[in-house]
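The values are calculated or read from the model by the stated rules, or taken from the named source; none is laboratory data. Since this is a predicted model, take the numbers as computed values, not measurements. Here the Cβ positions follow ideal geometry from the backbone for every residue, glycine too, while neighbour counts run over all protein chains shown. Surface areas here come from the heavy atoms of the whole protein model, side chains and all, with no ligands, DNA or RNA. Shrake-Rupley method; radii C 1.70, N 1.55, O 1.52, S 1.80 Å.
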Amino acid sequence: MSFFKKLKESIATKTEAVTNIFKEGLSKTRTAFVEKVEELITRRKKIDEQFYEELEEILIGADVGVNTVMQLIDDLRVEVKKRKIEDASDLQPILSEKLIQLMKGDDHSGLRMAPSGITVILFVGVNGVGKTTTIGKLAHKFKSEGKSVLMAAGDTFRAGAIEQLEVWGQRVGVDVIKQQSGADPAAVMFDAVQAAKQRGVDVLLCDTAGRLQNKTNLMEELNKIFRVIQRELPDAPHEVLLVLDATTGQNALSQAKLFGEKSGVTGLVLTKLDGTAKGGIVIAIRNELSLPVKLVGLGEKMGDLQQFDSEQFIHALFAGLIQREDDFEAEKTSE
């Protein structure tokens with residue numbers, strides 16, 4: 001069975017609505033990346049040095065990341081030799097297969113939830129990446145699954161951050177625990193954990209500052225928040241999610257390296273994937289950091305924040321090819 005057929009069968013067991021969200025959200029990347037690869041394969045029938053060079057350029061252009069691209073091209077060379085492939089068109093399924101392997105890693109992309117009691121999820125990341133929007137959409141997702149949710153406005157430094165979270169709270173029908181602007185974020189977290197315990201909520205979603213106006217170090221501030229939460233709930237936070245803006249490409253990768261090393265990040269959220277042709281950054285991040293991508297933002301709507309799924313991601317990228325393979329099969333059958 002061909003690789004694309006296997007991928008399609010695997011996707012068939014998933015909900016069509018989610019498949020469509022991935023397809024629509026990744027349409028810009030599909031045009032910039034896969035269609036260019038197809039054009040290259042049609043133009044250069046044979047696999048030679050020039051073919052590899054052009055493929056390398058396309059992958060780097062889609063922000064797959066230089067290190068990852070070098071690794072990928074090396075892997076492809078090995079496969080081409082091993083399988084004695086000469087025709088460029090036979091390379092596409094192998095490329096897709098390699099991309100899935102790079103993205104899968106050995107981890108589970110689901111959010112880690114507390115086995116009982118309150119699940120605490122902490123959000124970190126620089127300003128402007130879509131942190132508050134992500135918290136609001138995730139609150140909506142949990143609520144629609146029947147869970148009770150509380151949000152904590154721990155970004156007390158950015159002008160309007162508390163109000164922005166409150167607007168989301170009203171929109172999704174979730175209470176926000178807050179203090180006045182400029183208050184100690186750790187104090188807000190203390191209040192939020194107490195409120196979560198008293199109300200017996202299932203999930204507490206905590207916003208944090210992306211930048212501090214005063215002299216204290218952001219990482220020190222985060223450590224203080226950790227200590228306050230852990231004093232009250234020893235196993236929390238269950239997830240520390242770093243929110244990154246996919247449209248910033250390689251810059252998102254450097255932020256992930258910076259935060260990942262110092263702030264106990266357990267997973268990543270990539271927002272605004274629908275707004276970029278450089279969705280290859282997901283592959284670069286997944287391959288260069290040992291951090292799982294947990295959630296992806298694929299559009300403006302509430303339901304467009306989705307749990308990351310490497311098969312859905314690759315299926316959405318190669319949707320045109322898979323359709324063509326299907327049409328070809330159907331033609332052969334009807335003859």
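A simple count of charges around Asp155, restricted to other residues whose Cβ falls under 13 Å of its Cβ and scoring Lys, Arg +1 and Asp, Glu -1, yields -1.
Could you tell me the calculated FRET efficiency between Gln101 and Gln307, based on Cβ-Cβ distance and R0 = 25 angstrom, to the nearest 0.05?
Numbers: r = 20 Å, r/R0 = 0.80.
After rounding to 0.05, the efficiency reads 0.80.
Could you work out what % of the accessible surface of the chain is carbon and sulfur, using a 1.4 angstrom probe and leaving DNA, RNA and ligands out of the count?
Values: 7470 of 15160 Å².
Taking all protein chains in place, the chain shows 49 percent carbon and sulfur surface.
Please list, by residue number, everything in segment 118-138 whose backbone N is under 20 Å from a paramagnetic label point 7 Å out along Cα→Cβ of Asp184. Inside the label zone: nothing. Among the lysines of segment 5-68, pairs at least eight places apart or on separate chains and with Cα atoms under 19 Å apart come to 10.
For the chain, DSSP calls about 15 percent of its internal beta bridges antiparallel.
Sequence gap at least 6, Cα distance under 8 Å: using those rules, report the relative contact order of the chain to the nearest whole percent.
Values: 553 pairs, mean separation 88.6, N = 335.
Reported relative contact order: 26 percent.
Solvent-accessible area per residue in the chain equals 45 Å², computed with a 1.4 angstrom probe and all protein chains kept.
Accessible area per residue was computed with a 1.4 Å probe on protein heavy atoms; His315 scores about 20 Å².
Here's the picture: a label point sits 7 Å out from the Cα of Lys45 along the beta-carbon direction, and within segment 68-98 the residues with their amide nitrogen under 15 Å of it are 86-90.
If R0 is 56 Å, the Cβ-Cβ spacing of Arg77 and Gln198 corresponds to a FRET efficiency of close to 0.40. Protection proxy ranking of 6-17, 25-36, by the mean of other Cβ atoms within 10 Å over each peptide's residues and highest first, is 25-36, 6-17.
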